[in-house]
Amino acid sequence: MDVATPATAVALLFTGDTPLSLPAFDRIRPEDFAPVLQQAMALHRSEIAALVAQPAAPDFDNSVAAFDRTGALLQRVDAVLHNLCASATNAALQAVQLELAGPLSAHWSAVLQDAGLFGRIAAVHAQRDSLGLTPEQHRLVERLHSDFARAGALLPAPARAEFAALAGELAELSTRFGQNVLHDEAAFALPLPDEAALAGLPDFVRASAAQAAAERGLATPVITLSRSLIVPFLSFSTRRDLREVAWRAWVGRGEQAGAHDNRPLASRILAARQRQAALMGCANYAEYKLSDRMALTADRVWGLLDEVWQRALPALDQERNLLRAAMQQADVHHPLQAWDWRFWAEQVRQQHYALDEAALKPYFVLSNMVAAAFDCASRLFGLQFDRRSDLAAYHPDVDVYQVSDAAGAVIGLFLHDNFARPGKRSGAWMSSLADQHRNGAVGTDALPAALPIVLNNNNFAKAAPGQPSLLSPDDVRTLFHEFGHGLHGLLSDVTYNRLSGTNVLRDFVELPSQLFEHWGTEREVLRRHARHAETGEPIPDALLDRLDAARRFGQAFETVRYTASAITDLAAHQQVEPIDDVVTFEASLMAGRGLPEEAGLNHRLPHFQHLFSGDSYAAGYYVYLWAEVLEADAWTAFTEAGSAFDPAVAARLKACIYSRGDSVEPGAAFRAFRGRDAAIAPMLRERGLID
């Protein structure tokens, strides 16, 4: 094989010769992606053509399972590009990402609208109840048939073509939207040149600001828009003027006139989605998306959102009264503004609960909290995480672990990328370079099965060299949340690629992640792993008591902000008429709902990447709340058993939830674990909305 050509060379780098190979990231060049992806798409087309051309009548093996095996190289290479563009991007990679967004979308539209291919899938689907299929095979037939139908395969030819063209347009618009948010995040750095600018900031915030400056080649400490830096700044800085500057930059991402303005892009994305929904015979895009979720209808989602909203607003009034009382006590008489809320909430937390985050953070050393998450995975599921220093990731900050099960068998790789840095998008997420399955190609050089290669990305503030990185309780929650997603991918035990790991309905995918957050607050876990960075002493019970007492304080603020974003999402995607100005739409909607301006939204539409950097969460930001109903009820299975590590409940959790992927309908999967459907009361109780 001639390895001199870029396409062939990159193909060799990405395919490897073992189930756990990593790409040779140090040899990947941005300009190599286009030729190798063109090669991979051509290979996929040839695989599809051979499948369609076979003379044998369609059956499960030669059509459904065979299609599930196609496109392996394309998926692997696309996963590498996707992960680099999210975690370690640059201008050259962004140009490639934008260049390839349209062609990749067109390729998948052509595959899912291929009449011959869909004819074979549809033939098996029509006979599925009489073929003696296993439950997993039956589920695969139904999910693939739905994939084709939802991509327009059942539409008349002109409508199919228009649907595909809209998909290509949306791919390009979504790519630009995400790149614009990253631009605004990377472009902002608030300098803190002297002690006056640093006023009120505890040592850990000062150290993080200095490290952020060092990473940018700056001599003066800076505040960036990384959540792990800007939230502490807004909580502790006594410089109200600087808090306002930082807050306005944070909430104003994507809303600046010029080349990176996301407002027109969001309007165009909403209009294109609405047209897709109309082509599919749906009243609006929310109806189209919800038909493939557990919720099924917008009315069911509104029922959940309205109930929480009506309970959360009065609770927010109580929290706001505490903040205003603290201001009055401090002889501060200006109106409470959005850039003031976190500062005064921190004052209340210290006054009412004797809980000072600056005193708390030294007990949450990042390395110890990672060890805590691994320890919980070991005690619950028998997993072992071993460093693989011989495997190089795409950035020196990324730790690579080989994961083994209780019997010592290797089940996957786990890449942990924990720090914020330039070239990495904000937020926290799980992704993968390979998904688990046992449906490998037969009679080719491809591997007969695949082990998962899972990534967790966080954006924690990095300490100076030689110093431990410290987390807030909210950071710990984020770490455990994403690790829950990671376990969902690592523990997957299914036959077919389409049903693997986190490839589940969107309002079910957050159940494993949100459930795992509970172990990050368990006293048994914290007593073992939460040790002071300097003394090594375990966290005192008195501090844990105060932490528990304070846990519900601030829940109304977070609930209102989250629910406001979910309401805005669903309302925007139910809108039939064009939304010319998303900012005006958002403001009018929230005013009608009675959202206090000083609380605000979790995500405003111009930077709402969940909605507009892709369509996975479009008309679906509610899913965190939906899944919270599931996870809060699921957690009671452990509390009822009397232990967070009850072996019988843990075994059932692994068998019914974490390992099943989408091989079982999610409602049935939950009932298999819990013995019944979920009740809403545990979620409302967790959020302090009922006693």
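Please treat every number below as a calculation from the coordinates, not as lab data. Quantities reported herein were computed from a predicted structural model and do not represent experimental measurements. Methodologically, a virtual Cβ is constructed for each residue, glycine included, from the backbone with ideal geometry; neighbour enumeration extends over all protein chains shown.
Hey, with R₀ at 35 Å, roughly what FRET efficiency would Ser367 and Ala641 work out to, going by the Cβ-Cβ distance, to 0.05?
0.70
Starting from 0.36 nm per residue, how many nanometres of slack lie between Gln402 and Asp356 once their C-alpha separation is accounted for?
Here the segment from Gln402 to Asp356 would lengthen by 12.8 nm.
Give the Kirkwood hydrodynamic radius (Å, one decimal) of the stretch 362-556, defined as one over the mean of 1/r across all pairs of different Cα atoms.
17.9
Could you give the nm distance between label points at Asp61 and Ala591, where each point is 7 Å from its Cα heading toward the beta carbon?
A separation of 6.6 nm, rounded to one decimal place.
Go ahead and collect, in residue order, the members of the stretch 170-194 whose backbone nitrogen is under 16 Å from a label point 7 Å along the Cα-Cβ direction of Ala259.
From the stretch 170-194, the list is 176-188.
Give me the distance in nm between label points sitting 7 Å out from Cα along the Cα-to-Cβ direction at Arg206 and Ala549, one decimal.
3.0
At 37 °C and 0.692 mPa s, what whole-number value in µm²/s does Stokes-Einstein give for the translational diffusion of the stretch 315-389, with Rh from the Kirkwood sum over Cα pairs?
D, rounded to a whole number, is 210 µm²/s.
What angle do you read, to the nearest 10 degrees and between 0 and 90, between the alpha-carbon axis of helix 33-53 and the longest principal axis of the chain?
40
Just one of (i) 25.1, 85; (ii) 24.9, 78; (iii) 25.2, 72 is Rg and Dmax of the Cα atoms in Å as worked out from the coordinates here. Which one is it?
Given (i) 25.1, 85; (ii) 24.9, 78; (iii) 25.2, 72, the structure-derived one carries the label (i).
Rounded if a/c is under 1.5, else prolate if a/b is larger than b/c, else oblate: which is the stretch 236-328, with a ≥ b ≥ c the root eigenvalues of its Cα gyration tensor?
oblate
Pop the C-beta distance of Asn90 and Ser616 into the FRET formula with R0 = 22 Å and round what comes out to the nearest 0.05.
0.35
Nearest 0.05, what FRET efficiency do Ala187 and Asp241 give at R0 = 25 Å with Cβ-Cβ as r?
0.75
Amide H to amide H, which residues 5 or more places from Ala434 or on other chains are under 5 Å from it, using H placed in the peptide plane?
Here Ile453 satisfy the definition.
Excluding Gln38 itself, what net charge comes from residues whose Cβ is under 14 Å from its Cβ, given Lys and Arg +1 and Asp and Glu -1?
Taking every other residue near Gln38 into account, the sum is -3.
Cβ under 14 Å from Leu173's Cβ, Leu173 left aside: what net charge do those residues give with Lys, Arg +1 and Asp, Glu -1?
Charge balance near Leu173 sits at +1.
What angle, in degrees between 0 and 90 and rounded to the nearest 10, separates the Cα long axis of helix 203-215 from the longest principal axis of the Cα atoms of the chain?
Approximately 50 degrees, to the nearest 10.
On C-alpha positions alone, give me the angle between the axis of helix 541-550 and the longest principal axis of the chain, in degrees, nearest 10.
80
Which aspartates and glutamates does Lys654 reach when only Cα atoms under 13 Å apart count, and residues fewer than 8 places away in its own chain are ignored?
Answer for Lys654, where 13 Å is the Cα cut-off: Asp405, Asp493, Asp646, listed by chain and number.
Taking the Cα centroid of the stretch 602-670 and of the stretch 127-177, what is the distance between the two, rounded to the nearest whole Å?
First find each Cα centre; the distance between them is then 24 Å.
Run down the lysines and flag those whose C-alpha is under 27 Å from the C-alpha of Lys462, throwing out any fewer than 8 positions away in its chain.
Counting by Cα, and skipping residues close in sequence, Lys462 has these lysines nearby: Lys361, Lys424.
In the stretch 180-282, what GluC sites (Glu not before Pro) fall in a loop by DSSP, with at most 16 other Cβ atoms inside 10 Å?
Here the sparse-neighbourhood loop sites are Glu195.
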